[in-house]
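**Q** Below is the structure I would like to discuss, written out as structure tokens.
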Amino acid sequence: LVISGEALIHAMKNQSVAGLIVDIGEQCKAVVACRVSPKQKQEVVTLVREQRPEANTLAIGDGANDVNMIIAAHVGVGIKGVEGQQASRAADYAFGEFKHLRRLILVHGRESYRRNTTLILYNFYKNMVLVLPQFWFGFINAFSAQVIYDQIIFQFFNVFHASLPIVLFAIFDEEAPPDQLITDVRSYEAGQNDKYFNLWHYWQQVGIGGFQAFVITVLCYYGLELSFTYNNGFVTQYWVSGLVAFTACVLLTNFKVLLFTNSFNFLNQTVIFLSIVVYLSLIHI
């Protein structure tokens, strides 16, 4: 489909005609808008965003006349060239040659989507495992507001014990070599089809976290507090049960990162090991 700037002026005045252009453009392999002003470039991007709210738009340009279009798109890409730096300064991403767009989308875009969705789902899981034992413990203590965890080590959970492993995963993990992702463009469909982030995966992680929290609470209370006795005849204090439950949370959340990690290296394994060692050292202080 080829449409001129003059034709766009008339089309944009009528919403039904503008919507028809979008419908026709979806059936074409390419749409070329020629002799258009900077404002019209922006209007075309805005039109697509309004007519197709579920679509993600990307605008790429190399000059000052592309700035409005770049800003209007979901993702703006600027090319540093002879026409100045205005486009690259207004863009979300900038590079020197157009050929790098393929790597930006198929490698960095695809992997960023996968890593960030895994990070989000992991945080839901991690917090369910950490917080729900306190909820389940409420059925045991008649909801007396008695906490199960020692408050000092509880405050350190998201700071020292379960933070760095997932951060390093979200930065460095690679599911496949970049050359393979560039060659196999079908792997990019994972983001288009919401393969890694959808309601099923959300409720799956929430359910797994809730179930594991329930198992931790039951085993730590009925397996320790009601089963173990000291030489003086007293049973184990509930603080001991809480400490064992918190230890299980630390171990589970760190080992969980290993389950979905694709590229193992010295750094991520060392950080997971140190997260556990720091915790074990802290409870002995």
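The values are calculated or read from the model by the stated rules, or taken from the named source; none is laboratory data. Here the structure is a predicted model, which means the values were calculated and not measured. Neighbour counts run over all protein chains shown; Cβ positions are idealised from the backbone, glycine included. Ligands, DNA and RNA are excluded from the accessible area calculation, which covers all protein heavy atoms including side chains. Shrake-Rupley method; radii C 1.70, N 1.55, O 1.52, S 1.80 Å.
**Q** Taking every pair of distinct Cα atoms and averaging 1/r, then inverting, what Kirkwood hydrodynamic radius in Å comes out for region 77-140?
**A** Every distinct Cα pair counted, the radius reaches 15.2 Å.
**Q** Kirkwood hydrodynamic radius, region 48-116, all distinct C-alpha pairs: what's the number in Å?
**A** That comes to 12.5 Å for region 48-116.
**Q** Here is a follow-up. Which percent of the accessible area of the chain is formed by carbon and sulfur heavy atoms (probe 1.4 angstrom)?
**A** Of all accessible area on the chain, carbon and sulfur atoms account for 63 percent.
**Q** Moving to a separate point now. Treating only the Cβ of Lys, Arg, Asp and Glu as charged (+1, +1, -1, -1), what charge dipole size does the chain show about its Cα centre? Round to the nearest 20 debye.
**A** The calculated dipole for the chain is roughly 220 debye.
**Q** Quote to one decimal, in nm, the extra length available between ASN65 and PHE172 on full extension: 0.36 nm per residue of separation minus the C-alpha distance between them.
**A** Residue separation times 0.36 nm, minus the Cα-Cα distance, leaves 34.9 nm.
**Q** Please check: in the Gaussian network model of the chain (C-alpha springs, under 10 Å), which one of THR270, THR117, THR217 has the largest mean-square fluctuation.
**A** Maximum fluctuation in the GNM of the chain, among the listed residues, is at THR270.
**Q** Still on this structure: Keeping all protein chains in place, calculate the accessible area per residue for the chain (probe 1.4 angstrom), answer in Å².
**A** Here the per-residue accessible area is 59 Å².
**Q** Could you report the accessible area of HIS108 in Å², rounded to 10, computed with a 1.4 Å probe on the protein chains as they sit in the structure?
**A** My reading of the accessible area for HIS108 is about 90 Å².
**Q** For the full complex of protein chains and a 1.4 angstrom probe, list LEU119, LEU130 by accessible area with the highest value first.
**A** Accessible-area ranking of LEU119, LEU130, largest first: LEU119, LEU130.
**Q** So, one more: Along the positive direction of the dipole of region 41-119 (beta-carbon charges: Lys, Arg +1; Asp, Glu -1; about the Cα centre), which of ASN65, TYR113, THR46 reaches farthest?
**A** Checked the options; the winner is TYR113.
**Q** Using +1 on the beta carbon of Lys and Arg, -1 on that of Asp and Glu, and nothing else charged, what's the dipole of region 20-179 about the Cα centre, debye to 20?
**A** 240
**Q** With the radius of gyration and the Kirkwood radius both derived from the Cα set of the chain, what is their ratio Rg to Rh?
**A** 1.16
**Q** Now for a different question. Computed over the Cα atoms, what is the radius of gyration of region 131-285 divided by 2.2 N^0.38 Å, N being its residue count?
**A** 1.31
**Q** Determine, at each q value in 0.10, 0.13, 0.20, 0.21 (inverse angstroms), the log₁₀ of I(q)/I(0) that the Debye formula gives when each Cα of region 1-129 is one equal point scatterer.
**A** Result of the Debye calculation: -0.41, -0.65, -1.18, -1.24.
**Q** So what's region 54-187 giving for Cα Rg divided by 2.2 N^0.38 Å, two decimals?
**A** For region 54-187, the normalised Cα radius of gyration comes out at 1.59.
**Q** How large is the charge dipole for region 91-180, taken about the Cα centre, if only the Cβ atoms of Lys, Arg (+1) and Asp, Glu (-1) carry charge, to the nearest 20 debye?
**A** Once rounded to the nearest 20, the dipole reads 160 debye.
**Q** Take the cross-link list LYS99/LYS256; LYS13/LYS99; LYS195/LYS256; LYS41/LYS195; LYS41/LYS80; LYS13/LYS80 and give me the ones stretching past 28 Å between alpha-carbons.
**A** Result: LYS99/LYS256; LYS13/LYS99; LYS41/LYS195; LYS13/LYS80 exceed 28 Å.
**Q** Note down the accessible area of THR46, probe 1.4 Å, to the nearest 10 Å².
**A** We get 50 Å² for THR46.
**Q** Considering only protein heavy atoms, with the full assembly of protein chains and a 1.4 angstrom probe, order TRP200, TRP239, TRP136 by accessible area, largest first.
**A** Ranking TRP200, TRP239, TRP136 by accessible area, largest first, yields TRP200, TRP239, TRP136.
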